[in-house]
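Following: one structure in structure tokens, then a few remarks.
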Amino acid sequence: MSIIPPLQAADTRPVLFDSHCHLDLPELLPQLELHLANAKAVGVEGFLVPAVQSSAWLPLLALKRHYGFYIALGVHPWWASQLQFDALQGLEALAALPEVNAIGEIGLDFALDEQSFALQRQCFELQLQLAAKLKKPVVLHHRKSQNELLQVIKQQQFRQGGILHAFSGSFAQGKAFIDMGFKLGIGGTITYERAEKTRKAVKQFPLDALVLETDSPSMPLNGFQGQINTPAQLPLVLKALAELRGENQQKIAQVLFNTTIQLFPT
Ligand SMILES: [Zn+2]
């Protein structure tokens with residue numbers, strides 16, 4: 001199922017795409033219908049749900065077939081040890097299906113124990129190669145690892161692009177990913193005044209290099225700390241982005257919605 005870009009007249013509510021929400025996780029799945037209804041009530045019409053581990057792949061395909069979500073299949077760096085030979089074969093078979101929009105959530109997390117770095121790197125490299133082979137974009141996780149991610153992307157001459165999810169950092173850091181064909185996932189981080197560097201950077205990026213995300217159920221927005229995050233919060237991210245950039249919410253929403261669906265051909 002594909003999502004048709006909505007017509008957005010100037011006087012209608014912005015239509016939004018949550019490019020990173022874990023609707024399949026136990027914090028959200030039991031009340032999925034409610035979360036979708038709440039999100040749709042505030043204009044969130046598109047959802048990209050990335051897998052974090054191999055046990056999520058088949059359930060995500062089923063969710064996609066039922067709800068029309070965009071999905072990414074892959075192994076998150078926190079579960080890097082899962083990507084043994086069998087799992088990689090399984091991932092290749094499933095990710096080749098046309099319903100699978102991207103490979104993800106993959107990447108490197110250098111806030112974890114240093115002993116895991118070599119395995120994480122191997123897990124990331126294999127999945128990036130797979131994405132290149134299948135000609136699919138990737139959804140990237142990073143923590144203290146942007147330079148290393150870029151290094152691997154350049155070494156492999158990866159050209160399919162994708163999203164650097166939960167962007168935080170300077171203009172130069174973001175620009176380096178944009179130059180490699182990536183979009184930057186803008187989420188709740190920009191609602192925190194202490195995220196000065198990131199807030200300054202998002203004012204400067206070209207609008208068509210950005211997409212919106214909540215990272216539900218993680219990354220609650222400023223003022224909602226300690227609560228489970230949901231896609232219905234996405235309009236608040238849009239509002240914060242519009243205020244920072246001094247631009248119209250409607251215009252931002254339309255560009256970012258179109259950018260998201262163009263990134264993931266269906
Ligand atoms: Zn995630």
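The values are calculated or read from the model by the stated rules, or taken from the named source; none is laboratory data. Keep in mind it's a predicted model, so treat the numbers as computed, not measured. Positions of Cβ are backbone-derived with ideal geometry, glycine not excepted, and every protein chain shown enters the neighbour counts.
Quick look at the numbers
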| read-out | value |
| --- | --- |
| Long-range neighbours under 9 Å by Cβ, at least six apart or interchain, first residue outside any helix (DSSP H, G or I) within the range 236-250, second of a type outside the set (Gly, Ala, Ser) and at pLDDT 95 or above | GLY246/LYS203; GLU247/LEU207; GLU247/LEU241 |
| Residue match in the range 77-100 (condition: under 20 Å from ASP215 (Cα atoms), crowded, with 16+ Cβ neighbours inside 10 Å and in contact with a Gly (Cβ under 7 Å, 6 or more places away or on another chain)) | yes |
| Long-range neighbours under 7 Å by Cβ, at least six apart or interchain, first residue surrounded by 20 or more Cβ atoms within 10 Å (Cβ to Cβ) within the range 212-224, second of a type in the set (D, E, K, R) and in a strand (DSSP E or B) | LEU212/ASP18; GLU213/ASP18; THR214/ASP18 |
| Enumeration of residues in the range 158-186 that are on the phi > 0 side of the Ramachandran plot and in contact with a helix residue (DSSP H, G or I) (Cβ under 8 Å, 6 or more places away or on another chain) | GLY161, GLY162, ALA166, GLY169 |
| Selected residue (only one of PHE124, PHE182, PHE205 is touching a Gly at 6+ places or on another chain (Cβ under 9 Å), within 16 Å of the ligand (Cβ to nearest atom) and over 26 Å from GLN82 (Cα atoms)) | PHE182 |
| Flag if PHE167 is within 14 Å of the ligand (Cβ to nearest atom) and either part of a loop (DSSP other than H, G, I, E, B) or modelled with pLDDT under 95 (or both) | yes |
| Residue tally, condition surrounded by 15 or more Cβ atoms within 10 Å (Cβ to Cβ), within 16 Å of the ligand (Cβ to nearest atom) and either without any contact (Cβ under 8 Å) to a residue 24 or more places away in the chain or small (Gly, Ala, Ser) (or both), over the range 8-45 | 1 |
| From ALA172, ALA195, ALA111, ALA131, residue being surrounded by fewer than 23 Cβ atoms within 10 Å (Cβ to Cβ) and touching a strand residue (DSSP E or B) at 6+ places or on another chain (Cβ under 9 Å) | ALA111 |
| Any hit, the range 145-154, residues being in contact with a helix residue (DSSP H, G or I) (Cβ under 8 Å, 6 or more places away or on another chain), at negative phi and not in a helix (DSSP H, G or I) | no |
| Residue within the range 135-143 that is touching a residue at least 12 places away in the same chain (Cβ under 8 Å), surrounded by 17 or more Cβ atoms within 10 Å (Cβ to Cβ), away from the ligand (no atom under 16 Å from the Cβ) and outside any helix (DSSP H, G or I) present | yes |
| Residue that is buried (at least 17 other Cβ atoms within 10 Å of the Cβ), among the basic types (Lys, Arg) and in contact (Cβ under 8 Å) with a residue 12 or more places away in the chain, where the choices are LYS200, LYS183 | LYS183 |
